[in-house]
Amino acid sequence: MREGSGPRLYVTDDLDAGRTVGLAAGQAHYLKNVMRLAPGAAVVLFNGRDGEWSARIDAFGRNACAVSVGQRMRTQAVEPDVWLLFAPIKRAPLDFLVQKAVELGVSRLQPVNTGHTDVSRVNTDRLRANAMEAAEQCGRLSLPEVGDLVAFDAALDGWPGGRRLLVCAESGPARPIGDVLAETRASEGGRAAALMTGPEGGFTTSELDALRKLPFVTPVSLGPRILRAETAALAVLACWQSVLGDWRSVRIQPSKAT
Ligand code: SAM
């Protein structure tokens with residue numbers, strides 16, 4: 001396999017030409033037993049800090065794999081700063097939501113326990129594993145942060161200044177998402193944003209009332225149809241990326257040694 005090709009893997013080690021990096025047991029298993037790669041095979045590494053690097057497998061050990069770092073293929077770029085706060089939903093749609101939100105470039109995933117949330121526990125490790133796999137597959141150079149499940153009030157307490165929260169409100173007063181985003185773009189604001197969606201049962205009336213009173217909240221509508229929770233989360237993220245995020249640039253940076 002040619003240099004700079006092969007499976008893409010996220011690692012936590014620093015990346016620099018000539019370094020040897022040890023892969024996690026799961027990654028070693030994947031390369032050896034799933035991809036059936038041998039020493040000498042090419043892989044691609046990123047760590048969220050140093051860009052993307054070509055590498056080659058040196059050797060497999062028991063539950064281990066050492067790779068040698070080659071050349072930098074892409075430099076680390078600043079990515080959109082957009083959080084997604086969402087009420088957790090059942091396992092299969094939640095996995096889907098996390099994977100697709102990562103592909104759409106979310107910078108932080110924050111599950112929030114709301115009054116109508118049906119799911120009492122969230123497996124954060126599973127969310128992180130899904131996020132990592134999605135980042136590896138879609139060519140992202142970073143992993144989003146994944147927060148542990150927090151209570152509704154705790155998610156809003158101490159809200160960071162300068163970060164507007166667009167709440168997808170399926171009922172009550174709300175402005176069309178397109179209008180809000182176009183206005184934010186015209187004012188050259190919105191560099192740090194957060195988007196919030198409710199559970200299958202929707203936000204409670206008191207939650208929507210409380211949200212509407214917060215100075216950093218803008219309630220938005222996603223149109224006349226009631227969307228499934230995961231559809232709403234992905235739709236609002238796609239809208240945001242297209243107007244304020246990195247969908248305004250042309251395409252994926254081509255890989256080339258730097
Ligand atoms: N049970 C609620 C109802 O019947 O009105 C629907 C909840 S919806 C399945 C889940 C979440 O998706 C909502 O809490 C909201 O955040 C978001 N959502 C769905 N459709 C929406 C729309 N048309 N506009 C804004 N938000 C929407």
- Hydrodynamic radius (Kirkwood) for region 129-219, which is based on Cα pairs only, to one decimal in Å: 15.2
- According to a simple spin-label model (label point 7 Å from Cα along Cα-to-Cβ), what is the distance in nm between Asp14 and Thr204? 5.0
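For the chain, what is the charge dipole size about the Cα centre, in debye to the nearest 20, if Lys and Arg each add +1 at the Cβ and Asp and Glu each add -1 at the Cβ? Intermediate results must be reported in sequence, preceding the final value.
Numbers: 30 positive and 28 negative charges, 138 e Å.
The calculation lands at about 660 debye.
222 nm [θ] for the chain, helices only, -39500 (n - 2.57) per DSSP H run of 4+, per residue, to 500? Working shown, then result.
Details: 7 runs with 72 residues, N = 258.
It lands at -8500 deg cm²/dmol.
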- Message: Distances longer than 27 Å among the Cα atoms of the chain: what percent of all pairs is that?
- Response: 43
- Note on the structure: Between Arg185 and Glu145, the two model label points (7 Å from Cα along the beta-carbon direction) sit apart by a distance in nm of 2.8
- Residues whose placed amide H lies under 5 Å from that of Phe86, excluding near-sequence neighbours: Gln110, Val112, Thr197
- Message: Cα atoms only: what Rg and Dmax, in Å, come out for region 11-74?
- Response: 10.8, 31
- Hey, what angle do you get for helix 124-138 against the long axis of the chain, alpha-carbon based, 0 to 90 degrees rounded to 10? 70
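So for region 1-142, what are the equivalent ellipsoid semi-axes in whole Å, largest first, each being the square root of 5 times an eigenvalue of the Cα gyration tensor? It would help to have the intermediate numbers written out before the result.
Details: eigenvalues 198, 61, 25 Å².
So the equivalent ellipsoid measures 31, 17, 11 Å along its semi-axes.
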- Item | Under 15 Å from the Cα of Lys32 - aspartates and glutamates, other chains or at least 8 residues apart | Asp58
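Mind giving me the FRET efficiency for Arg2 and Cys138? R0 is 22 Å, r the Cβ-Cβ distance, nearest 0.05 is fine. Could the numbers behind the result be given before it?
Working: r = 21 Å, r/R0 = 0.96.
Efficiency computed from Cβ-Cβ geometry: 0.55.
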- Message: Output needed for region 105-258: three equivalent-ellipsoid semi-axes, defined as square roots of 5 times the C-alpha gyration tensor eigenvalues, in descending order, whole Å.
- Response: 26, 21, 14
- Item | Relative contact order for region 113-258, counting Cα pairs under 8 Å that sit 6 or more residues apart, in percent | 29
- On average, how much accessible surface per residue is there in the chain, in Å², for a 1.4 Å probe, leaving out ligands, DNA and RNA? 50
- Note on the structure: Whole-percent carbon and sulfur contribution to the accessible surface of region 8-74 (1.4 Å, no ligands, DNA or RNA) stands at 47
- So the angle from the long Cα axis of helix 177-186 to the longest Cα principal axis of the chain, reported in degrees to the nearest 10, equals 70
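Counting alpha carbon pairs within less than 8 Å and at least 6 residues apart, what relative contact order, in whole percent, applies to the chain? Intermediate values should be presented prior to the final figure.
Numbers: 502 pairs, mean separation 51.2, N = 258.
Relative contact order for the chain comes out at 20 percent.
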- Can you check what the net charge comes to around Arg19, using other residues whose Cβ is under 13 Å from the Cβ of Arg19 (Lys, Arg +1; Asp, Glu -1)? -3
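The values are calculated or read from the model by the stated rules, or taken from the named source; none is laboratory data. This one's a predicted model, so the numbers in the text were calculated from it and none came from an experiment. Cβ coordinates were reconstructed from backbone atoms using ideal geometry, including for glycine residues, and neighbour counts include every protein chain displayed. All accessible areas refer to the heavy atoms of the entire protein, side chains included, with ligands and DNA or RNA removed. Shrake-Rupley method; radii C 1.70, N 1.55, O 1.52, S 1.80 Å.
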